[in-house]
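Since the structure comes first, as structure tokens, the remarks are kept for the end.
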Amino acid sequence: MRTWSVIQQLSGKTGKKMALSAVALSALVLSGCVTVPDEIRGTTATPQMNLQAVQGAPSLYVGQESRFGGKVVSVTNLQNKTRLEIATVPLDEGARPVLGAASRGRIMAYINGFVDPVDYRNQLVTVVGPITGVEKGKIGQTSYDFVTVNVNSYKRWRIQQQVVMPPQPFGPWGYGYGGPYDPWGRGFGPGWGPGWYDTTPAGVESVVTE
């Protein structure tokens, strides 16, 4: 939203070319701002995130640092620790679970100490820690081998709703355009006259946030 506001201001001052340059610059800046939070960065540059590979040969990955995330299916409080059953999904560049992605498999994540089930059941989390092996269990009536992780650090995420405004067209002088143009370069095509704005209703989308 703020990006397009800046673009409209620039288009009124220096023309379409500078406005488009602002789009490219904004994209680069925004892409560079996506970082993994400190608490789930881990100690290695490339923690294991390929659950399918681990499931195929778990003994090869025991002791390797991993980073998995997804939806907490269940929370079990044990003696001095808590077990989270997590339906994992792909993570984005910021290690956030990708909304709407299909599960890639389940893990059992063990956290030292007490974690209140009320705070974590059905929530999105990302966990980091060494792979410790496989634990046999069930999903419903189906037997399942859960990859186990001893969690060193973790993060719970929130889902927020945000309003998405449609981008507004702009011309060389801040006017809508579409042709033909007058001698000053202003466009007066049908529906694209001076002061024309897109009347498409704003949309709402869910995003994962801290």
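The values are calculated or read from the model by the stated rules, or taken from the named source; none is laboratory data. Not measured: the values here are computed from a predicted model. Please note: Cβ atoms are built from the backbone with ideal geometry, for glycine as well, and neighbour counts cover all protein chains shown. Just so you know, the surface numbers come from the protein's heavy atoms only, side chains and all, with ligands and any DNA or RNA stripped out. Shrake-Rupley method; radii C 1.70, N 1.55, O 1.52, S 1.80 Å.
Within the stretch 141-150, the residues that satisfy the criterion of being without any contact (Cβ under 8 Å) to a residue 60 or more places away in the chain and in a strand (DSSP E or B) are THR142, SER143, TYR144, THR148, ASN150.
Take the residues in the stretch 99-113 that are in contact (Cβ under 8 Å) with a residue 12 or more places away in the chain, over 13 Å from VAL128 (Cα atoms) and within 21 Å of the chain's Cα centre (by Cα), then tell me which one is surrounded by the most Cβ atoms within 10 Å (Cβ to Cβ). Here the answer is ARG106. Out of the residues in the stretch 32-56 meeting the condition of being free of Cβ contacts under 8 Å to residues at least 40 places away in the same chain and closer than 21 Å to ALA101 by Cα, tell me which one is least open to solvent (accessible area, probe 1.4 Å). Among those that are free of Cβ contacts under 8 Å to residues at least 40 places away in the same chain and closer than 21 Å to ALA101 by Cα, it is ALA53. For the stretch 119-168, filtering for residues that are surrounded by fewer than 17 Cβ atoms within 10 Å (Cβ to Cβ), among the charged types (D, E, K, R) and within 23 Å of VAL208 (Cβ to Cβ) leaves 4. Within the stretch 68-98, restricting attention to residues that are over 19 Å from ARG121 (Cα atoms) and charged (D, E, K, R), the residue that is surrounded by the most Cβ atoms within 10 Å (Cβ to Cβ) is ASP92. If you go through the stretch 34-51 and pick out every residue that is among the polar types (S, T, N, Q) and in contact with a Gly (Cβ under 9 Å, 6 or more places away or on another chain), you end up with 1. For beta carbons closer than 6 Å, sequence separation of 6+ or different chains, a first residue in the stretch 57-74 that is assigned to a helix (DSSP H, G or I) and a second that is open to solvent by 30 Å² or more (accessible area, probe 1.4 Å), the qualifying pairs are PRO58/VAL134.
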